[in-house]
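Step one of this worksheet: look at the structure below.
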Amino acid sequence: MMTGLFISELERMFKRKKTAAVLAVYAGLLAFIWFFFQRGGISFFDADHDVKIDSLNSAPLLLRDLSFAITFIVIPMFVADSFNGEYTSGALRMVLIRPHHRVKLFFVKWAVQCLLVFIILCITWLVGTCLGRMVMPHVNETTFLGGQTLGTVGALLYSLKFYGICFCIFIAVISMGSILSVLMPNSILSYVATIGALIGSVYVSDKLSFFFSVTDSVFHELSRPNSEFLVNLLFPILLISLIINLFVWKKKEWVG
């Protein structure tokens, strides 16, 4: 039953024109930014620290330039379309007339969103890693923010950890967006509300700035020894957002 729901949600997701349009825009941005990577050869850890792109640091730096699009275009549009667009169009009613448990359906929709972002990150990592090795200046070691000088294996592990933390942040964005999408009356307002919440998080607390500047925050966290960012902040936010999601999802009158 769960597998059937998951496959059905995937099919509905990829049949939407918005999904194809957003993925096409992201692919175009990926190609565009890589072109300037090759031409310029310089990127940034944050606004105050520039760095030469090489064969070992290209993958994290590529995501740095694409994370804004993922945070403010890809995720809000996918989530609004899945959690709100199906409700306002009536498509969700056709799903809920079958004997599906609401909690299962929520987790299926949430998992599909996470899977799509995971695939996008994997493609970005592969492009950054493989083309970096083939095109960018070859080096045996590279230095990341905070003075960490790493060799080939260390840089690869750093890159995987960097993408992993970014993925966890993107999951938090998905969870926050899904709450707002359930509460808003239409998908346009859902999208605007999600963007507003991401920007507004900066003014709520400096600790939440990772919602607005994902990769800059991750570079800083990885430059700190024994950082407990995931345990002390991100995982609690994920847990709380999922609890709120389940409460709102169960209380919402979807078929009324």
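Short version: ³J(HN,Hα) in whole Hz for each residue of the stretch 198-203, in order, from phi by Karplus 6.51 cos²θ - 1.76 cosθ + 1.60 (θ = phi - 60°), x for Gly and Pro, what are they?
5, 5, x, 4, 5, 7
With a 1.4 Å probe and all protein chains left in place, how much accessible area per residue does the stretch 126-256 have, in Å²?
51
Sum -39500 (n - 2.57) across every DSSP H segment of at least 4 residues in the chain, then divide by the residue count to get the 222 nm mean residue ellipticity, nearest 500.
On the way: 11 runs with 176 residues, N = 256.
Mean residue ellipticity at 222 nm (helix-derived): -23000 deg cm²/dmol.
Between residue 27 and residue 243, what FRET efficiency comes out of the Förster formula 1/(1 + (r/R0)^6) with R0 = 41 Å and r the beta carbon distance, rounded to 0.05?
Working: r = 35 Å, r/R0 = 0.86.
Once rounded, the FRET efficiency stands at 0.70.
Which of 227, 189, 203 sits closest to the plus end of the dipole of the stretch 182-256, meaning its Cα is farthest towards the positive end, when Lys and Arg get +1 and Asp and Glu get -1 on the C-beta?
189
Using amide H atoms built 1.01 Å from N in the peptide plane, name the residues 5+ places from residue 53, or on other chains, whose amide H lies under 5 Å from its own.
42, 43
What are the ³J(HN,Hα) couplings of the stretch 183-194, residue after residue, when phi is run through the Karplus curve with 6.51, -1.76, 1.60 and θ = phi - 60°? Round to Hz, x for glycine and proline.
Values per residue, Gly and Pro as x: 7, 7, x, 8, 5, 5, 5, 4, 4, 5, 5, 5 Hz.
Summarise the accessible area of the chain (1.4 Å probe, protein heavy atoms) by the percent that is carbon and sulfur. Spell out each step's value before the answer.
On the way: 8520 of 12460 Å².
Carbon-and-sulfur percentage of accessible area, whole number: 68.
Provide the per-residue ³J(HN,Hα) series for the stretch 68-73, in order, calculated from phi with Karplus coefficients 6.51, -1.76, 1.60 and θ = phi - 60°, each as a whole number of Hz, with x at glycine and proline positions.
Per residue, the Karplus-derived 3J(HN,Hα) values read 4, 5, 5, 6, 9, 10 Hz.
Just by accessible area at a 1.4 angstrom probe, what is the order of 166, 122 from largest to smallest?
Result, largest first: 122, 166.
Would you kindly state how much longer the chain becomes between residue 39 and residue 73 on full extension, computed as 0.36 nm times their sequence separation minus their alpha carbon distance, in nm to one decimal?
9.7 nm
The values are calculated or read from the model by the stated rules, or taken from the named source; none is laboratory data. Just so it is clear, the structure is predicted and the values come from calculations on it, not from any experiment. When we count neighbours, we look across all protein chains shown, and the Cβ atoms used for this are built from the backbone with ideal geometry, even at glycine. Heads up: the accessible areas ignore ligands, DNA and RNA and are worked out on the full protein's heavy atoms, side chains in. Shrake-Rupley method; radii C 1.70, N 1.55, O 1.52, S 1.80 Å.
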